[in-house]
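Encoded as structure tokens, the structure appears first; notes follow it.
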Amino acid sequence: MDQSEIKNILEAALLAAGRPLSLDQLVGLFGKRSAPERQTLKEVLGELAFEYKDRGIELKEVGSGYRIQICSSMSDWLTPLWEERAPRYSRALLEVLSLIAYRQPITRGEIEEVRGVAVSTNIVRTILERGWVRVVGHRDVPGKPAMLGTTKRFLDYFGLKRLDELPSLSEIKDLEDLNAELALPEPSPQSGLLDELEEDSRELIEQAGVETELPDEKGGDVVSLAHPEVN
Amino acid sequence: MDQSEIKNILEAALLAAGRPLSLDQLVGLFGKRSAPERQTLKEVLGELAFEYKDRGIELKEVGSGYRIQICSSMSDWLTPLWEERAPRYSRALLEVLSLIAYRQPITRGEIEEVRGVAVSTNIVRTILERGWVRVVGHRDVPGKPAMLGTTKRFLDYFGLKRLDELPSLSEIKDLEDLNAELALPEPSPQSGLLDELEEDSRELIEQAGVETELPDEKGGDVVSLAHPEVN
Amino acid sequence: MSELIGPRKPELKLVSTAPPVTGEAGLPAQDEMPFAVVEGEPVTELPRDLYIPPHALKVFLEAFEGPLDLLLYLIRRQNLNILDIPIAEVTKQYAHYIELMHDMEFELAGEYLVMAATLAEIKSRMLLPSPVASDEDEEDPRAELVRRLQEYQRFKEAAQDINALERLERDVSQATAKVVERRVVTKLPDITLKELLIAFKEAIERSDMFTRHHVQREPLSVRERMSQVLVSLESKKFTEFSQLFDSAEGRTGVTVTFLAILELLKESLIDVVQSEPYGPIHVRVAKGSESQEAITADA
């Protein structure tokens, strides 16, 4: 076996393993009879390391062996890969935020009065951190509760110049079918796989036969529904 | 940014992600302003694929995007790395899966009609859990049975870009066209019949042992014992 | 090779007997012990053309994926054309298997019995003499069965094809390199204005506010300005009244600010002080209403 073949095997093994491989483990790939010298393997590893120069990956020897790793110079480029999507905001948060927008300055207690339930500290913290609301003062009643108001960032986020660009109550009231058009974040039911996507499916039945791609929630996308049958 | 830099980033990203990345995701690595043309990325991917020729790895386009994978020619060499053997799937499961793949959307009842036998709940659960299929809707008949379809993950797993890359189905011949096709084989040779039958059943038993995953402490390992020949 | 190419229309002849089995010499002498009992009679010998080593019978039967699979096996094993099944013979063999399975107390799926009945029915239909005149239109009683067999066979083959595809875990694996530095960025959820409006609508509807307050044009700009005035007041002790107005905003802006101040005053959130008639008016946050520095998110 020539060195380039050995190199291919070592590279494949290191990229397949997902963990560092010791020299012994690398030798072990070749079976007892045909195993190359350890020295040969080291040389080949050296070649591999050399080939990775000026690339985004490098061969590195760590405590438990050799591994192929991503160069740290790449990490800025790769951040989009690890972007996590925070869970959607709850209905409660949206209500609190909307009440602050329409009734500011408003205290937490006043929000609770309207909603009839306690406002969780988490919600308040989230919208404060997001920079959408701020404390604009304190009401002069026992406890001196903070009054909340919206910020410029809130307006920017929703593309409003001024707050009065928000529709009035009567305008909102007319939006009877607003609800139907919009998939609002509901507490997502932990249903079984089978029940999942039932909603999507109605739509799908209508479109059946047409090539369709559904957004995937968990299991990956449904691919083309077009009949793959070839006669 | 020159092409070799783009290539380094793409290679690093594909190796870092540990999953296929779509062209959109690859474009997304470059931010909005500096993103290269999709066409450029495709070219670079082509170069990358070319560089991997004669190596133990390859660039493959599957359902949900591009991935760098270890060539199947390497798999014998790498068996020492794996603690567990790759899962085997029963003939029944594969038949159900192929019906879903070729006839989607399809209900369990429709699968049973073709196979002439009940579909076990275990099989359905397994393919749902593996994320290969999912419920894409419900047939508008009594009982509203779920219709199943394959996912991108199915394509990924079986190394397909799209469903139409599935091998084509054999034809159904009309009884009317019989005479055209009626190259009736000679009456089966009587002499060796018994041997033939014995062979047949041996084959079947072997198949049964392998494919139905009978606990095969001994028989199963035989396959993996074969060590790749070293030249 | 094939002089057997038939006439245009297949001749539906009945093959009533099994292909003659000769060469019995090769039969292993395993038949000393009965391996099955049929209707009280010990069976020491399987039908020759069905010979399976008895110890393997169970595995053998388990290897079938249902009646269609078993039928296909019988047909293929005899090198018969699927389009020209000698129904009588196949039925006979099939029945043998069913019997065997039954005798071995092999858990027999109902589908197998249904198939037996189907075969018997086809057989009897084929035995009936068909009127010569309507011969042309008469459908071959086997047609439906043949269709099902073919349909099943295609997916049986498709399953093999899928099994032969290069697949993850078994043939290929995803290549990965270690990521030492992984910066996880959490993308905050987005909301749309519509979602916000719906939330508001529902909160308000629940709270009955529509009925109590009657629908009115909410002076939102006043509300917003109330917040702004409060914030601008928070740092200083007293602010001159006139400083709260921005003449650049024009008449409407001035009016809004003025209304906001009145509203704040009404809610006792600010104090307005005028030390002498026509003297400068000063405004300050009402005692106890100052914002604590602690949580200001935006300026």
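Taken as a whole, the condition of being under 30 Å from C:S275 (Cβ atoms) and either modelled with pLDDT of 80 or more or more than 7 Å from chain A (Cβ to nearest Cβ) (or both) applies to C:Q243. Pairs are defined by a Cβ separation below 8 Å, a sequence spacing of at least 6 or placement on different chains, a first member in region C:264-275 that is farther than 20 Å from A:G149 by Cα, and a second member that is surrounded by 14 or more Cβ atoms within 10 Å (Cβ to Cβ) and of a type in the set (K, R); the pairs so defined are C:V273/C:R284. Scanning region B:26-50 for residues that are closer than 18 Å to A:L81 by Cβ and more than 14 Å from chain C (Cβ to nearest Cβ) returns B:L26, B:V27, B:F30, B:K32, B:S34, B:A35, B:P36, B:L41, B:V44, B:L45.
When A:K42 is tested against (1) out of contact with any helix residue (DSSP H, G or I) (no Cβ under 9 Å at 6 or more places or on another chain); (2) charged (D, E, K, R); (3) part of a helix (DSSP H, G or I), just one condition goes unmet, and that condition is (1).
Is it true that A:Y52 is within 30 Å of B:M1 (Cα to Cα), of a type in the set (F, W, Y) and surrounded by 13 or more Cβ atoms within 10 Å (Cβ to Cβ)? Criteria met by A:Y52.
Residues of region C:183-192 that are within 7 Å of another protein chain (Cβ to nearest Cβ), modelled with pLDDT of 80 or more and assigned to a loop (DSSP other than H, G, I, E, B): C:L188, C:P189, C:I191. Scanning region C:61-85 for residues that are among the aliphatic types (A, V, I, L, M) and in contact with a Gly (Cβ under 6 Å, 6 or more places away or on another chain) returns a single hit, C:L68. At least 1 residues being facing chain C (nearest Cβ under 9 Å) and under 20 Å from C:L68 (Cβ atoms) is the threshold, and among the helices (runs of 4 or more DSSP H) wholly inside region B:56-137 those reaching it are B:91-103, B:108-115.
The values are calculated or read from the model by the stated rules, or taken from the named source; none is laboratory data. Treat the numbers as computed from the prediction; the structure is a model and nothing was measured. Neighbour counts are summed over all protein chains in view; Cβ atoms, including those assigned to glycine, are modelled from backbone coordinates with ideal geometry.
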